[in-house]
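Following: one structure in structure tokens, then a few remarks.
The values are calculated or read from the model by the stated rules, or taken from the named source; none is laboratory data. Given the structure is predicted, the values throughout are model-derived calculations rather than measurements. Cβ coordinates were reconstructed from backbone atoms using ideal geometry, including for glycine residues, and neighbour counts include every protein chain displayed.
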Amino acid sequence: MLEKNYTKIGRAAEIADAKERRFYRALEMFPAFLSWSTLFLIVLLSWLLPFWMAIFIIAFDVYWLFKTVFLSLHMRSAFSKMKENLKKNWLSELANIRPVSKELGNISWQDIYHLVILPMYQEPLEVVRSSFLSLSKVNYPLDKLIVVLATEGKGGATTALTAAEIRREFGGRFFKFLVTEHPADIAGEIAGKGSNDSWAIKEARNKIIDELKISYEQIIVSVFDVDTVVHPEFFGRLTHAYLSSNKPLRSSFQPIPIFVNNIWVAPAFARIFAFSTTFWQMIQQSRPERLITFSSQSIGFKPLSELGFWQTNVVSEDSRIFWQCLLYYDGDWQTAPLFFPVYMDANVGPTFWATIKNQYKQIQRWSYGVENNAYFLFGFWKNNKINKKKKWRLGFVMIEGAHSLATNSLIIFLLGWLPTLIGRGEFSETLLSYNLPYITRLIMTFAMVGLIFTAIIAANLLPPRPPHYGRFKYVWMFLQWLLFPLNMILFGSIPSLDSQTRLALGKYLGFWNTPKSRNF
């Protein structure tokens with residue numbers, strides 16, 4: 001364990017060795033350097049070399065068009081697999097299954113326990129209650145569910161009252177039910193989901209699992225945001241994936257988060273981002289070699305206990321746990337796609353402007369997951385047992401992903417006309433200068449056609465329309481996608497650049513808890 005102390009690093013300042021600390025700090029600064037350099041060079045070269053920048057912009061737009069088609073095919077494939085999985089009774093599918101991996105021995109599905117952790121801060125009772133109601137109605141033996149409501153001590157009386165009401169209504173419905181209270185201001189911790197999860201799972205281990213002497217291999221841990229509503233077949237599907245996996249103790253299991261619990265009351269921009277996040281996760285399910293854990297997820301208790309559970313000194317614990325496992329197990333780790341949904345809330349505040357603010361801060365926190373780039377790149381440098389090809393592949397994928405999120409929409413929707421506007425010399429009098437806006441507009445029009453298919457899939461994911469909304473609401477659900485380019489700039493590139501810049505300047509973000517609201 002001592003030789004892998006680097007797997008516990010949260011920030012550069014935590015590294016004792018001065019040389020290593022400087023290297024880690026450089027890695028923290030690299031994403032912002034790359035993104036801002038790209039944008040600066042596009043402006044500079046549009047002025048100095050407008051002809052060649054015009055060629056580059058056309059080529060980039062064509063690349064984006066083909067990439068859009070490519071990703072759309074992956075999304076439709078994942079959507080089809082999810083629909084097929086939703087048709088199955090997964091409890092029946094488990095009837096004759098036995099573990100594929102020898103790591104699990106000869107246990108049957110009846111031997112599997114599910115430890116479900118729901119971290120909570122000050123969410124309203126109706127939000128928490130809907131999650132527990134869905135857990136109580138699953139098509140899976142409730143005497144195999146250990147449910148933990150993981151509260152924050154700093155949540156105060158409101159949190160305590162909600163927890164007491166949930167205990168009163170649901171405490172006797174599962175095999176075991178536990179309410180934990182994560183103390184505030186523990187030295188070395190960042191108050192947030194990771195530290196709360198780690199506190200809760202240790203409490204569950206000490207008070208339930210070890211007392212009952214349940215084998216760690218028989219426990220699957222699922223960590224859900226407290227607004228998560230599970231499908232009745234979720235635990236059957238998860239158990240099937242665990243038992244049929246070649247590496248159940250070297251895998252995370254990732255569902256598809258679908259943000260539709262309150263989608264009808266969400267503003268258009270919040271709906272677009274909610275669906276965009278869902279679609280990106282669908283796409284990644286079809287590319288498991290790129291799939292990183294996100295939000296709600298599941299993992300075996302045994303590997304979690306071996307590496308010491310979630311880090312308590314980071315903001316982005318949901319993706320950090322993947323990199324923790326990858327480094328701890330010398331590259332022998334994967335994220336297994338479930339092609340199965342969990343249902344969550346879109347961002348809805350008490351007012352329109354509060355929703356805008358909350359949406360920006362939520363995306364800022366999500367894009368702050370770029371802090372993991374320094375973590376795993378430093379780990380790759382320290383760990384010589386990880387396959388070099390895997391290091392290069394994952395490194396490129398994550399660096400390119402952070403760079404694309406911060407820059408692509410700005411390049412496509414704002415900077416495409418720069419050579420025409422600021423180009424030096426005679427370029428403004430050339431045919432290419434005259435046609436550049438039309439060429440880029442035409443290519444982007446073809447790319448935007450893909451939004452029609454996106455809108456159709458989004459319509460298929462909608463829950464039933466509340467009776468107080470008219471049928472015209474469906475029309476607006478389609479028309480809202482015209483806002484997509486603006487949405488990707490305001491709620492994509494800008495908060496991503498913000499997060500990368502803060503990380504580069506050492507102005508580290510703390511964990512921001514997204515407020516939940518159900519204004520039905």
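Just checking: which of the helices (runs of 4 or more DSSP H) contained wholly in the range 230-310 hold 1 or more residues that are over 19 Å from the mean Cα position of the chain (by Cα) and polar (S, T, N, Q)? Steps first, answer last, please.
Details: elements: 234-244, 268-285, 301-307.
Filter on the range 230-310 gives 234-244, 301-307.
A single entry from 127, 147, 179 fulfils the requirement of being touching a Lys or Arg at 6+ places or on another chain (Cβ under 7 Å) and free of Cβ contacts under 8 Å to residues at least 40 places away in the same chain: 179. As a summary of the residue check, residue 210 satisfies the conditions (1) in contact (Cβ under 8 Å) with a residue 12 or more places away in the chain; (2) closer than 25 Å to residue 321 by Cα; (3) among the charged types (D, E, K, R) except for the one numbered (1).
When we screen 95, 59 for residues that are without any contact (Cβ under 8 Å) to a residue 60 or more places away in the chain, more than 21 Å from residue 337 (Cβ to Cβ) and in a loop (DSSP other than H, G, I, E, B), the only hit is 95.
Take residue 443 and decide whether it is touching a residue at least 60 places away in the same chain (Cβ under 8 Å), more than 23 Å from residue 345 (Cα to Cα) and of a type in the set (A, V, I, L, M). Talk me through it step by step, then tell me what you get.
Working: touching a residue at least 60 places away in the same chain (Cβ under 8 Å): yes; more than 23 Å from residue 345 (Cα to Cα): yes; of a type in the set (A, V, I, L, M): yes.
When the stated conditions are applied, residue 443 passes them.
Is it true that some residue in the range 449-466 is in contact with a strand residue (DSSP E or B) (Cβ under 7 Å, 6 or more places away or on another chain) and in contact (Cβ under 8 Å) with a residue 12 or more places away in the chain?
Filtering the range 449-466 down to residues in contact with a strand residue (DSSP E or B) (Cβ under 7 Å, 6 or more places away or on another chain) leaves 461.
Restricting the remaining residues to those that are in contact (Cβ under 8 Å) with a residue 12 or more places away in the chain gives 461.
Checked the range 449-466: at least one residue is in contact with a strand residue (DSSP E or B) (Cβ under 7 Å, 6 or more places away or on another chain) and in contact (Cβ under 8 Å) with a residue 12 or more places away in the chain.
Picking from residues in the range 365-423 that are touching a helix residue (DSSP H, G or I) at 6+ places or on another chain (Cβ under 7 Å) and of a type in the set (Ser, Thr, Tyr), the one that is nearest to residue 333 (Cα to Cα) is 375.
Of 490, 497, 509, which residue is surrounded by 14 or more Cβ atoms within 10 Å (Cβ to Cβ), in contact (Cβ under 8 Å) with a residue 12 or more places away in the chain, among the aliphatic types (A, V, I, L, M) and outside any helix (DSSP H, G or I)?
The conditions single out 509.
From the list 446, 472, 453, 478, the lone residue that is under 30 Å from residue 83 (Cα atoms) and more than 29 Å from the chain's Cα centre (by Cα) is 472. The number of residues in the range 186-221 being of a type in the set (Gly, Ala, Ser), in contact with a Phe, Trp or Tyr (Cβ under 8 Å, 6 or more places away or on another chain) and outside any helix (DSSP H, G or I) comes to 2.
Of the residues in the range 94-117, at least one is modelled with pLDDT of 95 or more, within 27 Å of residue 190 (Cβ to Cβ) and touching an Asp or Glu at 6+ places or on another chain (Cβ under 8 Å). So in the range 128-151, with the set limited to residues that are surrounded by fewer than 24 Cβ atoms within 10 Å (Cβ to Cβ) and of a type in the set (Gly, Ala, Ser), which one is farthest from residue 318 (Cα to Cα)? Per the criteria, the residue is 136.
Residues are listed down the side, and each one gets a yes or a no for (1) farther than 26 Å from residue 94 by Cα; (2) aliphatic (A, V, I, L, M); (3) in contact with a helix residue (DSSP H, G or I) (Cβ under 6 Å, 6 or more places away or on another chain):
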position: 222; (1), (2), (3): no, no, no
position: 246; (1), (2), (3): no, no, no
position: 266; (1), (2), (3): yes, yes, no
position: 273; (1), (2), (3): yes, no, yes
position: 292; (1), (2), (3): yes, yes, yes
position: 296; (1), (2), (3): no, no, no
position: 301; (1), (2), (3): no, no, yes
position: 314; (1), (2), (3): yes, yes, yes
position: 324; (1), (2), (3): yes, no, yes
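On inspection, residue 327 qualifies as in contact with a Gly (Cβ under 6 Å, 6 or more places away or on another chain), at pLDDT 95 or above and farther than 19 Å from residue 192 by Cβ. Only one of the numbered conditions (1) under 15 Å from residue 116 (Cα atoms); (2) not in a strand (DSSP E or B) is violated by residue 168, and that is (1). None of 400, 429 is under 30 Å from residue 82 (Cα atoms) and acidic (Asp, Glu) except 400.
Across the range 110-127, the number of residues qualifying as closer than 15 Å to residue 343 by Cα and crowded, with 23+ Cβ neighbours inside 10 Å comes to 1.
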